[in-house]
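Trainee: Got a structure for you, written out below as structure tokens; questions coming shortly.
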Amino acid sequence: MTLAPMKLVHWIYPELPSQDLLTQLQPQDVLLLRQDGCYSLTLRWPGLPCRLRVLATDLTARGLSAKAPWQTIDDSDWVELAAQASQVVLWPK
């Protein structure tokens, strides 16, 4: 069985993404909260089929913490995800 290519989608805004983004995420994809996107952790996210990650350095800089289902990653994990991804996307508002 061949898995579809993984997309790494960056979200940097303090609100929830549009429905356009949410419907395009697949189980093999990763949604990564960075920069002010970390503030959206305080919002009620819908159930998403993809892996959910948040950058630790951005959380620390904003005095926030992540709770399940979000997993905190460090910069080296981020680089590894980007290297594995077939597509890296900074999703626009």
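The values are calculated or read from the model by the stated rules, or taken from the named source; none is laboratory data. Everything numeric in this text was worked out from a predicted model, so none of it was measured. With ideal geometry, Cβ positions are generated from the backbone for all residues, glycine too; neighbour counts draw on all protein chains shown. Accessible surface is based on the protein model in full, side chains and every heavy atom, while ligands, DNA and RNA are left aside. Shrake-Rupley method; radii C 1.70, N 1.55, O 1.52, S 1.80 Å.
Trainee: Condition first: touching a Lys or Arg at 6+ places or on another chain (Cβ under 8 Å) and either in contact (Cβ under 8 Å) with a residue 24 or more places away in the chain or crowded, with 17+ Cβ neighbours inside 10 Å (or both). Now tell me which residues in the stretch 55-71 satisfy that.
Mentor: Step one: list which residues in the stretch 55-71 are touching a Lys or Arg at 6+ places or on another chain (Cβ under 8 Å), which gives 55, 58, 70-71.
Leu55, Asp58, Trp70 - these are the residues of the stretch 55-71 that are touching a Lys or Arg at 6+ places or on another chain (Cβ under 8 Å) and either in contact (Cβ under 8 Å) with a residue 24 or more places away in the chain or crowded, with 17+ Cβ neighbours inside 10 Å (or both).
Trainee: Here's a follow-up. Being open to solvent by 70 Å² or more (accessible area, probe 1.4 Å), part of a helix (DSSP H, G or I) and modelled with pLDDT of 95 or more is the filter here; which residues of the stretch 26-54 pass it?
Mentor: Those that are open to solvent by 70 Å² or more (accessible area, probe 1.4 Å), part of a helix (DSSP H, G or I) and modelled with pLDDT of 95 or more: Gln35, Tyr39.
Trainee: Scan the stretch 58-86 for residues that are in a helix (DSSP H, G or I) and of a type outside the set (Val, Ile, Thr) and jot them down.
Mentor: Those that are in a helix (DSSP H, G or I) and of a type outside the set (Val, Ile, Thr): Asp58, Leu59, Ala61, Asp75, Ser76, Asp77, Trp78, Glu80, Leu81, Ala82, Ala83, Gln84.
Trainee: Any idea which of (1) open to solvent by 50 Å² or more (accessible area, probe 1.4 Å); (2) in contact with a Lys or Arg (Cβ under 6 Å, 6 or more places away or on another chain) is the one His10 doesn't satisfy?
Mentor: Result: His10 passes all but (1).
Trainee: Against the condition open to solvent by 70 Å² or more (accessible area, probe 1.4 Å) and without any contact (Cβ under 8 Å) to a residue 60 or more places away in the chain, how does Lys93 come out, does it pass?
Mentor: Numbers: open to solvent by 70 Å² or more (accessible area, probe 1.4 Å): yes; without any contact (Cβ under 8 Å) to a residue 60 or more places away in the chain: no.
No; evaluated as a whole, the condition is false for this residue.
Trainee: Shifting gears a bit: Which one of the conditions (1) polar (S, T, N, Q); (2) open to solvent by 80 Å² or more (accessible area, probe 1.4 Å); (3) touching a His at 6+ places or on another chain (Cβ under 9 Å) does Thr23 fail to meet, given that it meets all the rest?
Mentor: Exception for Thr23: condition (3).
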